[in-house]
There are 2 protein chains.
Amino acid sequence: MTVYSAAPVRPSGSRSARTADSRLLILDATVTCLVEDGYAGASTLAVQARAGVSRGRLLHHFPSRAQLLVAAAGHLSSTVLAAVRERAAALMADQPAGRERVDRAIELMWATFQEPPFWAAMELWTAARTDPGLRTALRAEERRLRAAIYGVADEIWGPELAAAERYPEVCELLFTSMRGVAIVHAFEDRPATTDPHLALWKRLAERMLSAPGAG
Amino acid sequence: MTVYSAAPVRPSGSRSARTADSRLLILDATVTCLVEDGYAGASTLAVQARAGVSRGRLLHHFPSRAQLLVAAAGHLSSTVLAAVRERAAALMADQPAGRERVDRAIELMWATFQEPPFWAAMELWTAARTDPGLRTALRAEERRLRAAIYGVADEIWGPELAAAERYPEVCELLFTSMRGVAIVHAFEDRPATTDPHLALWKRLAERMLSAPGAG
DNA sequence: GCTCCTAGGGTCACGTATGACCGTCTACTC
DNA sequence: GAGTAGACGGTCATACGTGACCCTAGGAGC
């Protein structure tokens, strides 16, 4: 059945606002698709269905699937950072210090790895490995995000801990180790919030941040 | 053009041998496809082309793509373990000790993350996240492999280091951190063999294995 | 108020992956 | 040495994803 005179959308607001709305709508749907169905599942059809937009509308803003996914990567890093920053401010509002701060910082860091965006990023990363175009796009995005993330990390840990001699090492170890552990949770059913590694990380951080580094 | 009387294959050897050959041929090709073109690229067509087998031959041994990939996962863990064990034996033939052994152990561990099978596993893992069937299959496979890997790790480190109080912690931290770092190399062009994290890991291991653990 | 032009709606041709299906041949069995 | 069953060769219908394509409507500029 060919329905060229289907119920027309009633655009409201200015044109630029509608454009922004459309892009956001679509990008959010893309991220959701990535999280729920993986990279292959984030097809243009799936995205348009989830976003509730027509094919024309999607392809108008993102002429190809590749462009859509690259844009989604950018969208991802922007939103993630904002969310983490917000949570950090809320969690550290009472300015804890010492061991309490270390524990909370680690729990917060680990929590970010449970968020859907992490999996969206993972899907994009693995796909980027065999897709040169996506790879270069993600590389740039990653550098941008990396710098910002380390900035947020400093806020999370607070100036005192961040001044510790071996703080950079600890930070790097924690980030990488958490990433490594998080991946395994892709097919583990155990809840990530009670992962035994948490205790391990806390011990490590406490030891490395308190003891004077020998070099 | 329908050619039902094409050049027939000349099967040599017994039937069971040919079956084993076929399976190996196909599974190796599957792993190669996973490494080079990713999960989506490991289509049954791509695999059959790379393995140089007909569609019938492939579908006879692996009736569906899902079964093929699950089998590939099993094949993967078996071959990886054998390879690592062999390299470990070669590298530690002269029985180094102390700092030298720590350094070599870490370099060997890190080297295994550069091998193609690691990427094949990564592709399967990420795919498993959104594929229940593959997930349960991989979970079982992972448990099997995990136990074996830790056994090999003990060989790599040697009885003395493995007896250290905090050896299990070090091992766990190194494995997870390396995995986390390795992933980033998916879209980094820097050579992994000179990754700055190597020095970090070596320092960590040395410190944690030599110092008496306070608890 | 008229025109332009962009945002968006909907269809289509094409390429490709999948697994069912049919046919052949050969290694084993009796 | 006849028969069977498994290993394999090859084709097909089907489904799906993609992006080109053509269409309309309604703000924006005059």
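With the label put 7 angstrom out from Cα along the Cα-to-Cβ vector, residue B:36 ends up 3.6 nm from the copy partners, going from closest to farthest. Going 7 Å from Cα along the Cα-Cβ axis for the label, what nanometre distances separate residue A:94 from the same residue across the other copies? Relative to the other copies, residue A:94 has label-point distances of 5.8 nm.
The label point for residue B:147 and the one for residue A:20, both projected 7 Å from the Cα toward the Cβ, are 5.8 nm apart.
Take the alpha-carbon centre of the stretch A:32-82, take the same for the stretch A:135-174, and report the distance between them in whole Å. First find each Cα centre; the distance between them is then 28 Å. Placing a label point 7 Å from Cα along the Cα-to-Cβ axis, residue B:191 is separated from the same position in the other copies by 4.7 nm, shortest listed first.
Once the Cβ-Cβ distance between residue B:83 and residue A:89 is put in as r, and R0 is 60 Å, what FRET efficiency do you end up with, to the nearest 0.05? Display every interim value, and only then the final one.
Values: r = 48 Å, r/R0 = 0.81.
In this case the efficiency is close to 0.80.
Diffusion of the stretch A:98-215 by Stokes-Einstein, at 37 °C in a medium of 0.692 mPa s and with Rh set to the Kirkwood radius over alpha-carbon pairs, works out to 211 µm²/s. So what does log10 I(q)/I(0) come out to for the stretch B:13-63 at q = 0.20, 0.21, 0.25 Å⁻¹, using the Debye formula with one equal point on every Cα and no solvent? Ignoring solvent entirely, the Cα scatterers give -0.61, -0.66, -0.88. Per-residue mean of foreign Cβ neighbours for A:122-132 is 6 (Cβ atoms of other chains, 10 Å radius).
Computed with the Debye formula from one identical point scatterer per Cα of chain B, without solvent, the log10 of I(q)/I(0) at q = 0.09, 0.10, 0.18 Å⁻¹ comes to -0.46, -0.55, -1.27.
Work out the mean other chain Cβ neighbour count within 10 Å for the residues of B:180-190 and drop it here as an integer.
Values: counts 12, 6, 4, 9, 5, 1, 10, 16, 3, 3, 0.
Average neighbour count from other chains, rounded to a whole number: 6.
Projecting the Cα positions of B:157, B:62, B:112 onto the charge dipole of chain B (unit charges on Cβ atoms of Lys, Arg, Asp and Glu, taken about the Cα centre) puts B:62 furthest along the positive direction.
Can you pull the Kirkwood radius for the stretch A:103-169, inverse mean 1/r over Cα pairs, to one decimal in Å? About 13.7 Å for the stretch A:103-169. Scalar couplings 3J(HN,Hα) for the stretch B:172-185, obtained by applying the Karplus form with A = 6.51, B = -1.76, C = 1.60 to θ = phi - 60°, are 5, 4, 5, 4, 5, 5, 4, 4, x, 6, 4, 4, 4, 5 Hz; x denotes Gly and Pro.
When only alpha carbons of the protein assembly as shown are considered, Rg and Dmax amount to 24.7, 81 Å.
Note on A:196-209: average number of Cβ atoms from other chains within 10 Å of each residue's Cβ is 2. Shown in residue order for the stretch A:80-97 are the 3J(HN,Hα) couplings computed by the Karplus curve 6.51 cos²θ - 1.76 cosθ + 1.60 at θ = phi - 60°: 4, 4, 4, 5, 5, 4, 5, 5, 4, 4, 5, 6, 9, 4, 8, 6, x, 9 Hz (x for Gly and Pro).
Only the coordinates and a few stated rules stand behind these numbers; no lab work does. None of the values given here were measured: they were computed from a predicted structure. Note that we place each Cβ from the backbone using ideal geometry, even for glycine, and neighbour counts take in every protein chain shown.
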